[in-house]
1. Calculate the radius of gyration of the Cα atoms of the chain to one decimal place, then report Dmax, the largest Cα-Cα distance, as a whole number, both in Å.
2. Please tell me the relative contact order of the chain in percent, rounded to the nearest whole number, where contacts are Cα pairs under 8 Å and at least six residues apart.
3. If I model a spin label as a point 7 Å beyond the Cα along the Cα-Cβ vector, how far apart are those points for Asn48 and Asn30 in nm?
4. For the chain, modelled as a GNM with alpha-carbon contacts under 10 angstrom, which of Gly28, Gly42, Gly11 fluctuates the most?
5. In what order do Thr52, Thr22 fall by count of nearby beta-carbon atoms within 10 Å, going from fewest to most?
6. Based on other C-beta atoms within 10 Å, arrange Val2, Val31 from fewest to most.
7. For the chain, modelled as a GNM with alpha-carbon contacts under 10 angstrom, which of Thr41, Thr50, Thr24 fluctuates the most?
8. Neighbouring Cβ atoms within 10 Å as the yardstick, rank Val58, Val36, Val49 fewest first.
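What follows is calculated from the coordinates using simple rules that are stated; it is not laboratory data. On a predicted model such as this, the values are computed, not experimentally measured, just so you know. Every residue, glycine as well, gets a Cβ built from its backbone with ideal geometry; the counts of neighbours run over all protein chains shown.
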Amino acid sequence: NVALQLYGPDGQALNIGESSSTVTLNDGENVIPLSVDYIATGTATAGNVTATATFSMVYS
């Protein structure tokens, strides 16, 4: 009875099909700060949560 809410680099919620804010890349290694929260969709009970997120990145 939980869902996951993904947040973009600006801390704003991302919904399926939406783009995140633009991230400026530097030479070398970069980190894109995404985060996730549990969202109750009903009465939560103890247990494990497993989730997979598939996303696309566009570099231009």
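1. Answer for the chain, Rg first and Dmax second: 14.4, 46 Å.
2. Once normalised by length, the contact order is 43 percent.
3. 3.5
4. Fluctuation is largest for Gly28.
5. Working: Thr52 5, Thr22 10.
So the residues, fewest neighbours to most, are Thr52, Thr22.
6. Listed from fewest to most nearby Cβ atoms, that is Val31, Val2.
7. Thr50
8. Sorted ascending by nearby Cβ count, the order is Val58, Val49, Val36.
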